[in-house]
1. Under the condition of being touching a residue at least 12 places away in the same chain (Cβ under 8 Å) and among the aliphatic types (A, V, I, L, M), which residue from segment 154-170 is farthest from residue 29 (Cα to Cα)?
2. Within segment 91-102, track down each residue that is closer than 13 Å to residue 124 by Cα and either assigned to a helix (DSSP H, G or I) or among the charged types (D, E, K, R) (or both).
3. Please work out which residue is least open to solvent (accessible area, probe 1.4 Å), limiting yourself to segment 119-158 and to residues that are closer than 30 Å to residue 37 by Cβ and of a type in the set (Ser, Thr, Tyr).
4. Going residue by residue through segment 76-83, is there one that turns out to be polar (S, T, N, Q), in contact with a strand residue (DSSP E or B) (Cβ under 7 Å, 6 or more places away or on another chain) and under 18 Å from residue 197 (Cβ atoms)?
5. For residues in segment 177-210 being at positive phi and surrounded by fewer than 17 Cβ atoms within 10 Å (Cβ to Cβ), which is modelled with the lowest pLDDT?
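The values are calculated or read from the model by the stated rules, or taken from the named source; none is laboratory data. This one's a predicted model, so the numbers in the text were calculated from it and none came from an experiment. Because the Cβ atoms are built from the backbone with ideal geometry, glycine has one as well, and the counts that use them run over all protein chains shown. Surface accessibility is based on the protein's heavy atoms, side chains included, excluding ligands, DNA and RNA. Shrake-Rupley method; radii C 1.70, N 1.55, O 1.52, S 1.80 Å.
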Amino acid sequence: MSEDLISKKELLDLTGISYGQLYRWKRKNLIPEEWFIRKSSFTGQETYFPRQQILPRIDKILNMKDGLSLDELADVFSPALGEVQLDRAQLVERNIVSDGSLLLYQEVHGEPPFYNLDQTLQLYVLDKLLRGGEITREEGRMLLEVMGSHYSRFAGKPCELVLIRKMGVPVFLLIAGGTDYFADSEAKMVIKKPLEHFTEELKLLIGDTGGRIHE
């Protein structure tokens, strides 16, 4: 299950953006430095990008750049969300999660008075995957346990969520972005999603408050 890469030339042709735009967005931190992967080719050195991360990011930039400045876009795509603390009612009122996902979280981790950023992200990922029919409730429990135990180790670095099933048995993995990984030929990869996509969506929902937003 090696990471799928796209060359710089193919990226520019596919998206219609220019070389100058690509590197201007890099300078503005709209595209992370670590997504620019240098590899040897028959012509010398070529730049590649992780396909599943760069294409959605460019699509979002193109769709949002007319309404936001590049600096504002950089805030949206930055991993930090500030000291976010939301209570149960705010999570539901802002349509971040459903009551069903909150109940499942409570069964696994208990119910805190306020949810911090990592807890809110866990809930948001759980809710999105459950609503999309991509995981079962039991797999949702496993997701919460894996993210609760290991997500903080990445400390804002790119990270991918992977779900593999073999003979109906699910396994969740958290893998550093840009890492190649391999599995048994009988294992089926069901989910492979960069967690920064969820973080970006979540940030747009709750806003970068820079502090607590409960009352």
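1. We begin by selecting, within segment 154-170, every residue touching a residue at least 12 places away in the same chain (Cβ under 8 Å); these are 154, 156-167, 170.
From the residues that got through so far, the ones that are among the aliphatic types (A, V, I, L, M) too are 161-164, 167.
Numbers: 161: 23, 162: 26, 163: 29, 164: 32, 167: 42 Å.
Result: 167.
2. Step one: filter segment 91-102 for residues closer than 13 Å to residue 124 by Cα, giving 91-92, 94-102.
If the condition is that a residue be closer than 13 Å to residue 124 by Cα and either assigned to a helix (DSSP H, G or I) or among the charged types (D, E, K, R) (or both), then 91, 92, 94, 99, 100, 101, 102 are the ones that fit.
3. Applying the filter and picking the extreme gives 124.
4. Let us first name the residues in segment 76-83 that are polar (S, T, N, Q), namely 78.
Adding the requirement that they be in contact with a strand residue (DSSP E or B) (Cβ under 7 Å, 6 or more places away or on another chain) leaves none.
No, every residue in segment 76-83 fails to be polar (S, T, N, Q), in contact with a strand residue (DSSP E or B) (Cβ under 7 Å, 6 or more places away or on another chain) and under 18 Å from residue 197 (Cβ atoms).
5. Taking segment 177-210 first, the residues at positive phi are 178, 207, 210.
In the following step, the residues that additionally are surrounded by fewer than 17 Cβ atoms within 10 Å (Cβ to Cβ) were identified as 207, 210.
Details: 207: 63, 210: 39.
Among them, the one singled out is 210.
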